[in-house]
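Trainee: Structure provided below as structure tokens; questions to follow.
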Amino acid sequence: MVGYNGTMPRDGRTGLVIPVPAADEALAWVSGWYPEAVRDGVPAHLSLLYPFLAAGDLDAGVLTALREVFDHQPPMRVVLSRCRRRGGFVYLVPEPVAPLRDLIGALRSDWPAPVAHRGLGEEVEPHVTVAMGVAERTAAVIQREASESLPLTVELSEAWLVVLRGRWRLHGRFAFGG
């Protein structure tokens, strides 16, 4: 995960994400053709809260509270049917989006401090990032090529807590239990 304003996040930053392995498979070509456009250490994912808490604040109480939230979350099926771009940022839009918004809202009610996706100046809808920080011309090519692998129906069944320590590392997995 790179900041949307093009800056690299600092060590100790954390995020809550839902991995989307099917999107990784469909979009593997992006990292081969445009390695500078992809994040290091985290597979294709939907961001829930980024940034989340500082790594030093991830204690047993936080992990237990996260487990409780995700124990009540039923697995979701979404379709990634549209690819959009904004400047050098290319992303896939999940549908339906309401269950993801509800989950993000539930998480924000327990952890309201994080401001999602700093640098955009507005709320970002749930999405799967395809590429970021590339020239607009490159983004247009990536958008056109990525659109050819859609639609993609994906099952969302767990969330990951990731921590940046040199690269993004898995800190916790939370199966959806609903």
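The values are calculated or read from the model by the stated rules, or taken from the named source; none is laboratory data. Since this is a predicted model, take the numbers as computed values, not measurements. All Cβ positions, glycine included, derive from the backbone under ideal geometry; neighbour counts span all protein chains shown.
Trainee: So which residues in region 26-65 are in contact with a Leu (Cβ under 9 Å, 6 or more places away or on another chain), within 27 Å of residue 136 (Cα to Cα) and not aromatic (Phe, Trp, Tyr)?
Mentor: Once the filter is applied, which keeps residues that are in contact with a Leu (Cβ under 9 Å, 6 or more places away or on another chain), within 27 Å of residue 136 (Cα to Cα) and not aromatic (Phe, Trp, Tyr), region 26-65 yields 26, 27, 38, 41, 42, 44, 46, 47, 48, 49.
Trainee: Oh, and also: The conditions are (1) at pLDDT below 95; (2) over 18 Å from residue 132 (Cβ atoms), and residue 79 fails exactly one of them. Which is it?
Mentor: (1)
Trainee: Within region 143-174, how many residues are more than 22 Å from residue 65 (Cα to Cα), aliphatic (A, V, I, L, M) and in a strand (DSSP E or B)?
Mentor: 2
Trainee: Quick check on region 36-55. Is at least one of its residues modelled with pLDDT of 90 or more and surrounded by fewer than 18 Cβ atoms within 10 Å (Cβ to Cβ)?
Mentor: Checking region 36-55: at least one residue is modelled with pLDDT of 90 or more and surrounded by fewer than 18 Cβ atoms within 10 Å (Cβ to Cβ).
Trainee: Here's a follow-up. Applying the selection to region 37-96, what residues are part of a loop (DSSP other than H, G, I, E, B) and over 15 Å from the mean Cα position of the chain (by Cα)?
Mentor: The answer is 53, 54, 58, 59, 72, 73, 74, 75, 87, 88, 96.
Trainee: Kindly list the number of the only condition in (1) among the basic types (Lys, Arg); (2) closer than 23 Å to residue 34 by Cα; (3) touching a strand residue (DSSP E or B) at 6+ places or on another chain (Cβ under 8 Å); (4) modelled with pLDDT of 95 or more that fails for residue 169.
Mentor: Failing condition for residue 169: (4).
Every residue, every condition in (1) surrounded by fewer than 17 Cβ atoms within 10 Å (Cβ to Cβ); (2) within 29 Å of residue 36 (Cβ to Cβ); (3) at pLDDT 95 or above, yes or no:
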residue	(1), (2), (3)
65	yes, no, yes
85	no, yes, yes
103	no, no, yes
113	yes, no, no
136	yes, yes, yes
139	no, yes, yes
152	no, yes, yes
161	no, yes, yes
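Trainee: Let me ask you something else. Can you tell me which residue in region 151-178 is farthest from residue 46 (Cα to Cα), limited to those that are of a type in the set (Val, Ile, Thr) and out of contact with any Phe, Trp or Tyr (no Cβ under 6 Å at 6 or more places or on another chain)?
Mentor: The qualifying residue farthest from residue 46 (Cα to Cα) is 163.
Trainee: For region 115-134: of the residues being modelled with pLDDT under 85 and on the phi > 0 side of the Ramachandran plot, which is farthest from the chain's Cα centre (by Cα)?
Mentor: Going through the qualifying residues, I end up with 121.
Trainee: So residue 108 ticks every box in (1) at pLDDT below 95; (2) outside any loop (DSSP other than H, G, I, E, B); (3) surrounded by fewer than 13 Cβ atoms within 10 Å (Cβ to Cβ) but one. Which box is left unticked?
Mentor: (3)
Trainee: Would you tally the residues in region 10-24 being under 16 Å from the mean Cα position of the chain (by Cα) and either among the charged types (D, E, K, R) or surrounded by 20 or more Cβ atoms within 10 Å (Cβ to Cβ) (or both)?
Mentor: Residues meeting the conditions: 10.
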